[in-house]
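Input: a single structure, listed below in structure tokens.
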Amino acid sequence: MIQLKNVSKKFSNNGQKPVQALKETNLVINQGEFVAIVGPSGSGKSSMMNILGMLDRPTSGEYYFENREINTLSEDELASIRNKKIGFVFQKFHLLPKTTALENVELPLLYSDRKNIRGLALDALKQVGLEERATHRANELSGGQQQRVAIARALVNEPEIIFADEPTGNLDSASGQEIMKIFQELNEAGKTIVLITHDLTIAAYAKRTIQIHDGIVNEN
């Protein structure tokens, strides 16, 4: 599904020496995998996720998604792939606080040509066990429930791959375990999951772990 060939990423900072966040990275992620990318703060894992999720472009190297070279695509083409093929879950839930759970899940569908938006959003909430909270506003939900809404929102367009960036970072341990079990169930149902985390306990839920340190990737 994903292949990186000698991918590097450099950032310039106000004329100072460029910072190299990724160094000639080679990586393959196959369809149906559950992969954890693990590293401390500043290791390059967020830069990795931004490139894999087509939110940023590499400075050099090649990125192939489903055998299609991504570096040559326009911003509109990248946006189309993200909308149809990719779901994102972040540490901060990024929900509209005074909007219902159902309406938050519906949001990605407003930019698609899908029909029966409400039905699709309800189905996504059912997948995370939250259909009974559909009419509750986001600010009326617990942290774990808000993250489940965020997962449902990532699922609603039926993506092929989900990128989860520190998805348990704002949760207590019990809620975090519930969220990780949802990701395991989604993976067992066929979804490809790429988890970004600094927490080895959370990474243990994945089937394969990739360590990143100072922009260099090492697989376990």
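Please treat every number below as a calculation from the coordinates, not as lab data. This structure is a prediction, so every number in the text was calculated from the model and none was measured. Virtual Cβ from ideal backbone geometry, glycine too; neighbours counted across all protein chains shown.
A few remarks follow.
- In region 130-150, the residues that are closer than 30 Å to Thr201 by Cα and either in contact with a strand residue (DSSP E or B) (Cβ under 8 Å, 6 or more places away or on another chain) or part of a strand (DSSP E or B) (or both): Ala138, Gln147, Ala150
- Test result for Arg153, of a type in the set (D, E, K, R), touching a helix residue (DSSP H, G or I) at 6+ places or on another chain (Cβ under 7 Å) and not in a helix (DSSP H, G or I): no
- Among the candidates Lys98, Lys115, residue that is more than 23 Å from Ile193 (Cβ to Cβ), loosely packed, with under 15 Cβ neighbours inside 10 Å, touching a helix residue (DSSP H, G or I) at 6+ places or on another chain (Cβ under 7 Å) and not acidic (Asp, Glu): Lys98
- Evaluation of Gly176 against (1) of a type in the set (Gly, Ala, Ser); (2) under 12 Å from the mean Cα position of the chain (by Cα); (3) over 13 Å from Asn104 (Cα atoms) (one fails), failing number: (2)
- Close pairs from region 126-145: first touching a residue at least 12 places away in the same chain (Cβ under 8 Å), partner among the aromatic types (Phe, Trp, Tyr), Cβ under 8 Å, at least 6 apart: Ala138/Phe93; Gly143/Phe93
- All positions within region 126-173 that are closer than 21 Å to Glu106 by Cβ and β-branched (Val, Ile, Thr): Val128, Thr135, Val149, Ile151, Val156, Ile162
- Candidate set: region 30-50, residues that are over 15 Å from the mean Cα position of the chain (by Cα) and buried (at least 16 other Cβ atoms within 10 Å of the Cβ); chosen: the one farthest from Asp214 (Cα to Cα): Gly39
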